[in-house]
Structure formats: structure tokens, C-alpha cells
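The values are calculated or read from the model by the stated rules, or taken from the named source; none is laboratory data. A quick note: this is a predicted structure, and the numbers were derived from the prediction, not measured. FYI the Cβ positions are ideal-geometry reconstructions off the backbone, even for glycines, and counts take in every protein chain you see. Accessible surface is based on the protein model in full, side chains and every heavy atom, while ligands, DNA and RNA are left aside. Shrake-Rupley method; radii C 1.70, N 1.55, O 1.52, S 1.80 Å.
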Amino acid sequence: MGFPRLMRPFIGVGLFLLLTPGSPLFAQSQTSILGFTPSAASRQAAIEEKFKAIPSPDEERRQHHIFTSEPHLAGSPRNNELARYIADEWRQEGLDDVVIRRYDVYGTNPKRTFLEMVAPVHYRALLRELPVPGDPDLKNKSISSAWSGMSASGEVTAPLVYAHSGNPEDYEFLRQQGIDVKGKIVLVRYSNPYSYRGFKALTAEREGAAAILIYSDPAEDGFKKGRVVPSGPWGPEYHIQRGAITYDFMVPGDPLTPGWASVPGAKRIPVEEAKSIPKIMALPISWHDAKPLLANMDGPLAPENWQGGLPLKYHLGGKRVRVHVKVEMDNSIQPYYVVEGRILGAQLPDEWIVLGNHRDAWVFGGVDPSSGTASMMELTRALGKLAKSGMRPRRTLVVCSWDGEEVGLTGSTEWGEQFADELRSKAVAYINVDEATSGADFHGQAVASLAPMLVETTRTLKEPSGKTLYEAWKESTARERRESKQAEGVTDWNLADTRIGSGSDHTVFLNFVGMPVLGLGFEGPYGVYHSAYDDFFWMSHFGDPGYRYHTLMSQLWGVLALRLANADLLPFDFASYAANIRQFLNELEKDQGKWGDKTMWGQPPRLSGQGEARPSQELDLKPILDAIDDFEAAGKRLNESVSRALASGTIDPKLAATINHGTMQVERNWLNPDGIPGRPWFKHILYGARYTYAHLELPGLTEAVEKQDWATAKQQAEILRQALVNNTKLVNQLNSSLPGEKADAGR
Ligand SMILES: [Zn+2]
């Protein structure tokens, strides 16, 4: 990844001319903000100071305690009660038009799960997480046992095979050892390398396995990493990583309403036709329950990189160990609830900045998602307070508490599908916060056009250490790159992560609606993901004991939202976008030929020995590269004329509306109404996700090239080129409506 040096606006000079030292505004020394005229920038700086002073660690902690006091699974009575609580709080805080929206979706709730080893010895799996001293919440009777969202129901007794991480190359290896998993039960670990559990389930289903057991090996998130709960942040012996196995990489949301909203009474497709419902039984287990199974396995010794952190030799199995699995699910239709509130814009109420966090948790949701929910509640309290004191944003802020994210990004997807047309005409951007904090290292994601404004914003926030968030972000990113042996140094232009996959609520907005998105989170050592141990105790002892990162998240989220809401000209940088697209295309060419050794995510593995062709031999990439150059040149010119217009101090409101509506349209133009081949719901041609949830750039083109399907690749290349041409035309038009050289800075 690499960020181009964008054209910085030089509006600081203009401000200098307007203010004399000693004037009160000068003392605030906010000299320039992307998208603002000098005077608007100093007003904005004053608003931001007021805003940032409101969120407090004590309130963050109080809210976090409320949300983590009980398990609150999607659609559960407690989660619905929390929806009403949020709505009440928002009304009191002064938010406008607070409503709770209902979606009737295909339910997935466990009635009963059971696992036992029947040979060579009997062992009945606990499937429960035992309490640890000091954490009373773990004695809560309503903590669920082990289960996987969207597991099929059924019962089977069969031999057990250890299939490492459950990725296609693992089964390929088993085949080479003469081990077939058809009709058998596979035991796989969660990570190493990481892949989304739904991808593991699909892979096992395609291999003909009867069921899949997914366990947490201590080498990945347990005692091999460090101290475990209650004396450290890593996962203890009994921790179970619950989670859905939904095939939402095919189509997210309610499986029975692909592409439209599950409002009460909506049309539904038959269950058998739903592409995102798995047909395999799945169960997540702790290493406590996996250990006796692994210890009794026969068959060849597993290779060195398949060995895990338990003090035993891992074998491939297949004969001696037989297990009995039973899963009974309740799949009746059930309501999910999305809470929606807004701060109506004072000047441009029909331009929206959408902010969201999911509310549903596998258990208490200490990190995931209640840290984000607490930050959202402090964000809305602060925004409400500003609005009450007369500081309404120019544009409208829409805030949403999603339901059923954990099941299949369900609430946000249904809401996005319901309001897709309105969003396509009104929405500026979506800012997602899922896990606000599991530690101190900031991770910021943005589509490339918004990455510069994200980086700029972090310069104005103070990190608990006293550094700016910007400095802390650069340091932790440099450390991570060193540790993962990436050669790339850290610069302003590659700091933000512009490779956006799936796995959270931004998906519908980016991939279906065509909105620019940002995603924010602080991360640290975290071994209790989706387990009961991810709770208030964990957060207040390990994740963020002082709730200072929660507070910082509320501040950052709000400042970003207020900048987008108040900007004179929206701070999109299309030169930066173009350079990013060029990089994606170059990587497509460079990576070709390596795929023989790489896992073909989402596709059956290609047999070795099959020929590899470079895309450039089969496809003429020159027209796309030329189109990228043109788009970059148009973007640079727009950056320059926008800077000049802003520096002039005043912008005609009609002209501003033209520019802003035009720049909002650019992201929409990356949508292909037909979607990417085989996955019509995913319409964005620059961003997609692999079946593993990993980011996938230029998804339609890349997948066609990986399959060596040159006819499709040519079509996809032409779609990309055409979108670049359209956006270049649009940006050039906008550029010609802005004043030329004559309107220079300084008056
Ligand atoms: Zn989450």
C-alpha cells in the first residue's frame, strides 16, 4: 500500500492574513482543515474544542457497564431492551426523529448442542465456560453453551480427522496422505493462517464432511501467547469462540431477502434457495474439550506447522477417534431491531453522514461490540449537547445501533437495502465503529479518497500518553510493520488502511450502496473474542482500565463526523484515489504467477503444473492505466482549484452544492449494477472481500484473472476502464465550474 502525495490546500496562509497575533482565534492556532475556508476552519476548531471536552472516562465506563451487564445476543429480549434504552437516551440527549426499525429475519438460535467422544474412550464435552475467581459475571446463568450461528441441525456419529486450519490446501494435504474426510467429522483450529469460520465451514461442506468442530488452540490466543484470564488478556482453558458460519461473503443480511429489506411482510425466498445458509453442522469448542480428542487420535503424525500449543503430538486421525455430534437449531422467523436517531443539519439537512455500531453480542460483548456502543453513547451525548447549545452541524448526522451484525451483518444490511435509493442521493459517508478498543494501537481504515482527511484529523487529538493520536498511530504502525517484516516504511500516505474487506457493518454501505466508508478501532492483546470472558472484568482489567481509549474513540468519531458535516467543500481527494487504484492494478500484475503456491480463497485449489499466464500477456492493461492517469490528473486539478476556492474565503452556496453533489457521486460511479461475477449483491468494482473476509481489490477483475478466465477478465477490465472514464469526466466538469487562476488566495 502506498499513499500518493496529495495536493495540500494552502489555506493556512489565508488565515494568517486575516488574523493578527493576539486575536482570540489566533490563539487556537487551527490554521487549516481540509474542506474548510479559513474562517470556517477557525469556527470548526472552536466547535471541536467544545465537543472534545464533553466525553468522559467515567461516563464511558458507566455506559460500558450497562451494556455488558447481561448477555445480549441478536434478537434476544435483553438486546431488544437495550434498543429501547438507547432510543430513550437519544431522545433525552436531544437527538431528532428517534425510531426503532423492525426487520423480520431468518432466525438462528440454539435449542441444544451436544458433543461426545464414543471411541476409543468415552468423553463428554463440557461445551461450557467455567468461571474464574474475581469475575462474578461468569456465574451468570444465561451464558449460552457452545454453538455456531447458522449451523445446520442434525446428528451424526463418525470418525474424526484433524484438518489443521480447515483451508483448501489443508484438505489437499490430507488427500496426499490418503485421508478422505467424506462423511467424517473434521476438527480444525481457528487461525494459522486466519480465515473466517464461515469459509472453513463452506470448505468442509464442499469436501463432504458431516460436521466441523472449530477449536481455539492455545498457540493462537491462549497460554502460548501470554498470561490468561483472570491474570492476563489471553484466552483461558475453557474459552469458546462462538460465531456465525453464515456464507455472507455470497450475500449478507437476512438469507431469505437477498438484496431487499426484511420489513414486516416482505417477500421471502425458500430456505433451499438461500445461498448464505450453510448445510453443515458446526460447533466451536474450547481447547479443554479438544485436548482429549487430539490426545487419542491415530494416523500419521501431523506436519510441524500443523502442531499446536497443547503438550501432545497432533495426529491426522481418521479411524480410532469417533465422535457423536448433535445440533438442534430454532430457525423460526424473528424480529431484529435497528435504532436510528439523527441530529438534523441546520443548513443542508438532506446531506447525511451516517454513523453506526452493532449492539448484539455473542455473550457480554466487552470489546465486541460494547466498547463501541459505549463510545457511541458518549458520542451522541456530546453531539446532543452541542446541538442544544445552538451548535448544530450544517449537514445531518444519522446514528444507528445495528442488530444481528454477528449473525450475518443483518441489521445494517436490511437498513441499507431499505434506504439504498435515499442513501445514494443523500449520503456523504459512513463511519463504522465495531470494537472500539481492545488496547492502545490505533487502526484506521478509509476509502482512499477520505484517507487524507482521516490522517489530518488524528493530528488534532491527544492520545492518553500525551502524544498526538497521529504520532502514536505512526509509531504503532511502524512497529507492526517491523514485526511482520514488511519492508514498507510509514508515511502519511500509507498510514491509513485503504484495503477494505468485509466482516462488519460498513459492508452494505460500501459494496451495495456505494458510499465512502471509514472504520475506526484501537487494538491490543485480545484472546477472549466472542467468548463469555469478553466482558466488563476483561475491559476494566486489561483492555482499557481507565476508559481513556473509549473516550478518545468518541472524540475521534465525532470530530470526523463534524468535519464531514460542516465542510464547505467535502474533503474528498481523488488524486489519492487514483494512485491507490494504480497500485491495486500493479499488484494484480505482480502477484500473478504466485498463485500456484497460494490458497485460492473461495475457489477450489488449482492443481499444480497448470500453466500460469500474466494478465498483461492476455489482457491489455494499458487502456486502464491511461484512464487512471487521466483520473489522477483530474483529481489533482480539482484539489488545486478547491484549495484556491477555499482560500478565497467565500464560496457561493450554489457552487458549493454543485461541487459537493458531484463529488458525492464519484463513489456511486464505482458500482456495477450487475455486481461482481457470481456475487451480484457486491456491486463495488474497486473493493470486495474474499470468502475468508480478507480484502480483495478490483474483485471482479482479480477473481477472473485468478481463474485465468480471460473472457470475463476482459469484460471486467472494460467495466473498470469505463468507470474511470466516467469519473474523470465528472471531476473535470466540476473543475470547470470552479474559478480559475484569477481567484487567488488572500482575498
Ligand atoms: Zn463486532
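Out of Ala219, Ala152, one residue alone is on the phi < 0 side of the Ramachandran plot, assigned to a helix (DSSP H, G or I) and either out of contact with any Ser or Thr (no Cβ under 7 Å at 6 or more places or on another chain) or modelled with pLDDT of 95 or more (or both). It is Ala219. A count restricted to the range 285-322 and to residues that are in a strand (DSSP E or B) and either in contact with a Ser or Thr (Cβ under 7 Å, 6 or more places away or on another chain) or free of Cβ contacts under 8 Å to residues at least 24 places away in the same chain (or both) stands at 2. State yes or no: is Ser425 open to solvent by 10 Å² or more (accessible area, probe 1.4 Å) and at pLDDT 95 or above? Yes; evaluated as a whole, the condition is true for this residue. Under the condition of being part of a loop (DSSP other than H, G, I, E, B), open to solvent by less than 20 Å² (accessible area, probe 1.4 Å), within 16 Å of the ligand (Cβ to nearest atom) and touching a Phe, Trp or Tyr at 6+ places or on another chain (Cβ under 7 Å), the residues counted in the range 497-526 number 4. Evaluate the range 258-272: report whether one residue or more is closer than 24 Å to Thr113 by Cα and open to solvent by 40 Å² or more (accessible area, probe 1.4 Å). Yes: the range 258-272 contains one or more residues that are closer than 24 Å to Thr113 by Cα and open to solvent by 40 Å² or more (accessible area, probe 1.4 Å). Checking each residue of the range 662-672 against the condition of being in contact with a Phe, Trp or Tyr (Cβ under 6 Å, 6 or more places away or on another chain) and not hydrophobic (A, V, I, L, M, F, W, C) gives at least one match. Would you check if Arg381 is open to solvent by 10 Å² or more (accessible area, probe 1.4 Å), more than 10 Å from the ligand (Cβ to nearest atom) and in a helix (DSSP H, G or I)? Criteria met by Arg381.
Scanning the range 218-233 for residues that are surrounded by fewer than 24 Cβ atoms within 10 Å (Cβ to Cβ) and of a type in the set (Asp, Glu) yields a total of 1.
Checked against (1) under 21 Å from the mean Cα position of the chain (by Cα); (2) closer than 30 Å to Trp670 by Cα, Ser476 meets all criteria but (2).
Here's the yes/no breakdown for (1) within 23 Å of Gln241 (Cα to Cα); (2) polar (S, T, N, Q):
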| site | (1), (2) |
| --- | --- |
| Ser144 | yes, yes |
| Gln177 | no, yes |
| Lys182 | no, no |
| Leu187 | yes, no |
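For the range 356-376, does any single residue satisfy the condition of being more than 16 Å from the ligand (Cβ to nearest atom) and either on the phi < 0 side of the Ramachandran plot or part of a helix (DSSP H, G or I) (or both)? No.
Within the range 212-248, the set of residues being among the aromatic types (Phe, Trp, Tyr) and closer than 18 Å to Tyr314 by Cα comprises Tyr215, Phe223. Only a single item in (1) open to solvent by less than 10 Å² (accessible area, probe 1.4 Å); (2) away from the ligand (no atom under 16 Å from the Cβ); (3) not in a helix (DSSP H, G or I) is not met by Pro464, and it is number (1).
The number of residues in the range 336-351 that are in contact with a Lys or Arg (Cβ under 6 Å, 6 or more places away or on another chain), assigned to a strand (DSSP E or B) and farther than 20 Å from Asp88 by Cα comes to 3.
For every residue, the table says whether it meets (1) within 21 Å of Gly688 (Cβ to Cβ); (2) within 12 Å of the ligand (Cβ to nearest atom); (3) surrounded by fewer than 24 Cβ atoms within 10 Å (Cβ to Cβ); (4) among the acidic types (Asp, Glu).
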| residue | (1), (2), (3), (4) |
| --- | --- |
| Leu397 | no, no, no, no |
| Gly404 | no, yes, no, no |
| Thr413 | yes, no, no, no |
| Phe419 | no, no, yes, no |
| Ala429 | yes, no, no, no |
| Gly439 | no, no, yes, no |
| His443 | yes, no, yes, no |
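Has the range 484-493 got any residue that is surrounded by fewer than 22 Cβ atoms within 10 Å (Cβ to Cβ), farther than 29 Å from Asn660 by Cα and among the β-branched types (Val, Ile, Thr)? Within the range 484-493, one or more residues are surrounded by fewer than 22 Cβ atoms within 10 Å (Cβ to Cβ), farther than 29 Å from Asn660 by Cα and among the β-branched types (Val, Ile, Thr). Restricting the first member to the range 106-121 and to residues that are closer than 25 Å to Gly253 by Cβ, and the second to residues that are open to solvent by 20 Å² or more (accessible area, probe 1.4 Å) and modelled with pLDDT under 95, no beta-carbon pair is closer than 8 Å while six or more apart or on different chains. Met391 meets the conditions (1) more than 11 Å from the ligand (Cβ to nearest atom); (2) open to solvent by less than 10 Å² (accessible area, probe 1.4 Å); (3) not charged (D, E, K, R) in every case but one. The failed one is (2).
Take the conditions closer than 30 Å to Gly166 by Cα and of a type in the set (A, V, I, L, M, F, W, C) and apply them to Ala713. Does it pass? Considered against the rule, which asks whether it is closer than 30 Å to Gly166 by Cα and of a type in the set (A, V, I, L, M, F, W, C), Ala713 comes out as yes.
Restricting attention to the range 191-217, the residues that are among the aromatic types (Phe, Trp, Tyr) and open to solvent by 10 Å² or more (accessible area, probe 1.4 Å) add up to 1. The single residue among Gly408, Gly444, Gly503, Gly404 that is closer than 30 Å to Ser42 by Cβ and not polar (S, T, N, Q) turns out to be Gly444. For the residues Phe36, Phe67, the requirement of being among the hydrophobic types (A, V, I, L, M, F, W, C) and farther than 23 Å from Gln334 by Cβ singles out Phe36. Of the helices (runs of 4 or more DSSP H) contained entirely in the range 605-710, those carrying at least 3 residues that are buried (at least 16 other Cβ atoms within 10 Å of the Cβ) fall at 622-647, 653-668, 699-706.
Phe537 meets the conditions (1) open to solvent by 10 Å² or more (accessible area, probe 1.4 Å); (2) within 22 Å of the chain's Cα centre (by Cα) in every case but one. The failed one is (2).
Cβ separations smaller than 9 Å between residues 6+ apart or across chains give the following pairs from the range 49-65 residues that are under 18 Å from Thr460 (Cα atoms) to residues that are among the small types (Gly, Ala, Ser) and open to solvent by 30 Å² or more (accessible area, probe 1.4 Å): Lys50/Ser389.
Take the conditions touching a residue at least 24 places away in the same chain (Cβ under 8 Å), outside any loop (DSSP other than H, G, I, E, B) and under 30 Å from Gly243 (Cα atoms) and apply them to Gln44. Does it pass? When the stated conditions are applied, Gln44 does not pass them. Is it the case that some residue within the range 197-212 is touching a strand residue (DSSP E or B) at 6+ places or on another chain (Cβ under 8 Å), closer than 16 Å to His324 by Cα and outside any loop (DSSP other than H, G, I, E, B)? Within the range 197-212, one or more residues are touching a strand residue (DSSP E or B) at 6+ places or on another chain (Cβ under 8 Å), closer than 16 Å to His324 by Cα and outside any loop (DSSP other than H, G, I, E, B).
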